[in-house]
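This report concerns only the one structure given below.
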Amino acid sequence: MSDAFIVDAHAHHGRPGAFFAPESEPEALLKLMDQLGIERAIGTDHVSVFEGCERTLPMLRSVFEQSGGRLHYLAVFNPKRASGCVEALKQAMNWPGFAGLKIHPSFHGVSAEDARYEPAWRFAAERDVPILTHSWSASDYNPAQQLSTPGRFEPLVGKFPKVRLVLGHAGGRGAGRHEAVRLARDYENVFLDLAGDIFCYRLVESLVDSVPVEKILFGSDAPWLDPRSRLSHVLLADVPASAKARILRENALHVYRIGAKKTC
């Protein structure tokens, strides 16, 4: 662990619910991180994504502590259970390992611009914590993705300019990615992560050419994807080494306000 450098800004662990994901327990993620030089990861468990954070936050804190401070966690805000989520967030705000909020409009069936998300944005603004969201392009075979297209976040991005919003998956493919890039260019508080099955030609080069490099974060989307598929896009990209260092580590430390001191 002494040479580990990378911060994975978008990972998962635990029982995968509706999806098949072998080796999804925290121990499996840590083993893979050791193999790949990933110092720490930021994410949440799968149960939280479907249910919200009230029941799972104590477990996530325990996982962080058992991991030696390597598996930071996000509290999933479910807009259909807003009051319970906010009360749980207030308790967890100062817990070790707490890194911010996550929302998932497509899973929760509530469009990203819906006013029911405002308690999460308000909480994040008042306490200087970021929000990671699922974002993707419109999909004929998965209509729920329409709830998470990047442009839908713009009203709340503008209303809460101090909240750092990370568009997970960088908006997905095609029109979704182009819209995510526009938001990252137009708004100081919008960032993009690389998680997900986005296998576009020269993806990293294109993003570095399109937005400030400090807006781009490495994310694996483990265990859905092997982190090596995402790492290869960054490590083999035709961009300066300084840009790779920002993408693989420094930007996540800044956005999630995680101390740079190693814990292992």
Hey, which of the helices (runs of 4 or more DSSP H) in the range 206-264, taking only ones fully inside, have at least 2 residues that are at pLDDT below 95?
-> 227-235
Under 6 Å by Cβ, and 6 or more places apart or on different chains, what pairs join a residue from the range 140-166 that is touching a residue at least 24 places away in the same chain (Cβ under 8 Å) with one that is among the aliphatic types (A, V, I, L, M) and assigned to a helix (DSSP H, G or I)?
-> Pro150/Ala180; Pro150/Leu183; Phe160/Ala125; Lys162/Ala125; Val163/Ala124; Val163/Ala125; Arg164/Val255; Leu165/Val157
Residue satisfying all of: in the range 22-42; of a type in the set (Gly, Ala, Ser) and surrounded by 14 or more Cβ atoms within 10 Å (Cβ to Cβ); farthest from Phe5 (Cα to Cα) among these | Ser24
Can you name the residue in the range 99-147 that is at pLDDT 95 or above and among the aromatic types (Phe, Trp, Tyr) and is also surrounded by the most Cβ atoms within 10 Å (Cβ to Cβ) among such residues?
-> Trp136
Does Asp3 satisfy the condition of being among the charged types (D, E, K, R) and within 22 Å of Asn251 (Cβ to Cβ)?
-> yes
Every listed condition ((1) touching a residue at least 40 places away in the same chain (Cβ under 8 Å); (2) outside any loop (DSSP other than H, G, I, E, B); (3) acidic (Asp, Glu)) holds for Glu126 save (1)
Mind checking which residues of the range 146-165 are small (Gly, Ala, Ser) and within 16 Å of Glu118 (Cβ to Cβ)?
-> Gly158
Total residues in the range 150-182, condition assigned to a loop (DSSP other than H, G, I, E, B) and either closer than 24 Å to Ser229 by Cβ or in contact with a strand residue (DSSP E or B) (Cβ under 7 Å, 6 or more places away or on another chain) (or both) | 5
Residue that is nearest to Lys159 (Cα to Cα) [pool: residues in the range 215-230 that are out of contact with any strand residue (DSSP E or B) (no Cβ under 8 Å at 6 or more places or on another chain) and surrounded by fewer than 22 Cβ atoms within 10 Å (Cβ to Cβ)] | Leu225
Run Lys31 past the list (1) free of Cβ contacts under 8 Å to residues at least 40 places away in the same chain; (2) under 22 Å from Tyr256 (Cβ atoms); (3) out of contact with any strand residue (DSSP E or B) (no Cβ under 8 Å at 6 or more places or on another chain) and report the number of the one that doesn't hold.
-> (2)
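The values are calculated or read from the model by the stated rules, or taken from the named source; none is laboratory data. In this text, all values refer to a predicted model and were calculated from it rather than measured experimentally. As a convention, Cβ positions derive from the backbone with ideal geometry for all residues, glycine included, and neighbour counts pool all protein chains shown.
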